[in-house]
Amino acid sequence: MKVAMTGANGFVGSELKKTFTDFVTIERNDSEDEILEKLENVDAVFNLAGAPIIKRWSESYKKVLLSSRIQSTKKLVNAINKSQVKHFISTSAIGAYPDSVRSDESYEGYGDDFLGSLTKQWEEEANRCNKPTSIVRFGVILGENGGALAQMLTPFKLGLGGTIGNGQMMMSWIDIEDLVRIYSHLIQNNLTGVFNATAPQIISNYEFTKALGSVLGRPTVLPLPVFVLKLLFGEGASVLTGSKEVYPKALLESDFSFHYGDIKESLKHLLK
């Protein structure tokens, strides 16, 4: 199987390339015609493009977040619609859901904040595709070589890790190995629609902190005050302080089996 990827050099793209070894990379500045040429003999397209979300959200950076996802997806979809591609898998995020609401794919609507608006527009562009289309809403991705876990390792290894605030916000997470397997599962079973890429076990920030400290054998006694994150990231701190309780109902109903559904087992596997 031959695949094409946007965002191929990012954390998720780099992991997907280990499994999908016959691939072509679509660059950010490729024109629609250049993309169409690259899609020749391609079976599936993975749309992973997007500027980093964990940054300070100035009004100008919000525009970057929007354009890097929505405009790039629009151009990509225009090319796919003219191609012989058999399956399109586009990225989204569990930021689509409101905070502190138990949610799965049956939840109708989006959160009423910036992330909710961003994901709504992003998914609308992806759904303009006239090929079989899947939208994968990423939870917090855990992997040693990137994502949230990689950023946390240094302070935790130094014994400086701790909860965010009181640690009560819920965290919907996914092991990178299971995330890669989800892509294979969707293609092999010709599945379309929205899929939450989150492990069935939803944990609090406190539970995650204690699990990571236990696996590393380090203390976790220094909480990070929420106001510090707000000083650093402004509105963008909501990515770290929000409480998302999101379940992978659609994947479970499609008989997907998580290899790493327990947070401690996932961390042991990733940090072995």
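Taking a straight line from the alpha carbon of LYS38, these aspartates and glutamates sit under 19 Å away, with near neighbours fewer than eight places off in the same chain left out: ASP22, GLU27, ASP30.
Here the convex hull built on the C-alpha positions of the range 1-101 has a volume of 121 cubic angstrom per residue. For every other residue with a beta carbon closer than 13 angstrom to the beta carbon of GLY13, add +1 if it is Lys or Arg and -1 if Asp or Glu, then tell me the sum. In short, +1.
Computed from the Cα positions only, the extents of the range 115-265 along the three principal axes stand at 50, 33, 24 Å, in decreasing order.
Given the options LEU231, LEU36, LEU160, which has the most mean-square fluctuation in a GNM of the chain, springs set between C-alpha atoms less than 10 angstrom apart? Between LEU231, LEU36, LEU160, it is LEU231 that shows the largest mean-square fluctuation.
Express the Stokes-Einstein translational diffusion coefficient of the range 24-159 in µm² s⁻¹, to the nearest whole number, given a Kirkwood radius over alpha-carbon pairs, 20 °C and a viscosity of 1.002 mPa s. Mind showing how you got there, number by number?
Numbers: Rh = 16.4 Å.
The Stokes-Einstein estimate is 130 µm²/s.
Go through the range 5-34 and name the trypsin sites (Lys or Arg not before Pro) that are in a DSSP coil and have 16 or fewer other Cβ atoms within 10 Å of their Cβ. Walk me through the numbers on the way to the answer.
On the way: sites: LYS17, LYS18, ARG28; in loops: ARG28.
Loop-located and lightly packed - ARG28.
Legend: translational diffusion of the chain by Stokes-Einstein, Rh = Kirkwood radius over C-alpha pairs, 20 °C, 1.002 mPa s; D = 112 µm²/s.
Derived scalar couplings between HN and Hα for the range 71-78 equal 5, 5, 5, 4, 5, 5, 5, 4 Hz in order, rounded to whole Hz, by the Karplus curve 6.51 cos²θ - 1.76 cosθ + 1.60 (θ = phi - 60°), x for Gly and Pro.
Taking Cα centroids, how far is the range 223-272 from the range 108-158 in Å? Taking the Cα centre of the range 108-158 as reference, the centre of the range 223-272 is 11 Å away.
All other residues whose Cβ lies under 14 angstrom from that of ILE141 are scored, Lys and Arg at +1 and Asp and Glu at -1, for a net of -2. By other beta-carbon atoms within 10 Å, ranking THR192, THR73, THR209 with the fewest at the front produces THR192, THR209, THR73. For the chain, modelled as a GNM whose springs connect Cα atoms under 10 angstrom apart, the maximal fluctuation among LEU191, LEU216, LEU158 occurs at LEU158.
In terms of distances greater than 27 angstrom between alpha carbons, the cross-link table entries LYS249/LYS272; LYS82/LYS244; LYS2/LYS264; LYS244/LYS264; LYS2/LYS244 yield LYS249/LYS272; LYS82/LYS244; LYS2/LYS264; LYS2/LYS244. Averaging 1/r over every pair of different alpha carbons in the range 204-272 and inverting the result gives a Kirkwood radius of 14.6 Å.
Count Lys and Arg as plus one, Asp and Glu as minus one, and take only other residues whose Cβ is under 12 Å from that of ILE35; the net charge is then -2. The alpha-carbon atoms of the range 47-125, seen along their principal axes, cover 42, 33, 15 angstrom, with the largest extent given first.
Here is how the number arises for the chain: DSSP H runs of 4 or more residues each give -39500 (n - 2.57), the sum is divided by the residue count, and the result at 222 nm is -11000 deg cm²/dmol. Within the straight-line cut-off of under 17 Å between alpha carbons, the lysines reachable from LYS55 are LYS63, LYS230, sequence neighbours fewer than 8 places apart in one chain being disregarded.
The phi-based Karplus calculation (6.51 cos²θ - 1.76 cosθ + 1.60; θ = phi - 60°) puts the 3J(HN,Hα) values of the range 177-186 at 5, 5, 4, 4, 5, 4, 4, 4, 4, 5 Hz, whole numbers, x for Gly and Pro.
A short reminder: the numbers here are calculations on the coordinates, not readings from a lab. All figures in this text were calculated on a predicted structure; none of them were measured in a lab. Heads up, the Cβs are rebuilt from the backbone with ideal geometry, glycines too, and the neighbour counts pull from every protein chain shown.
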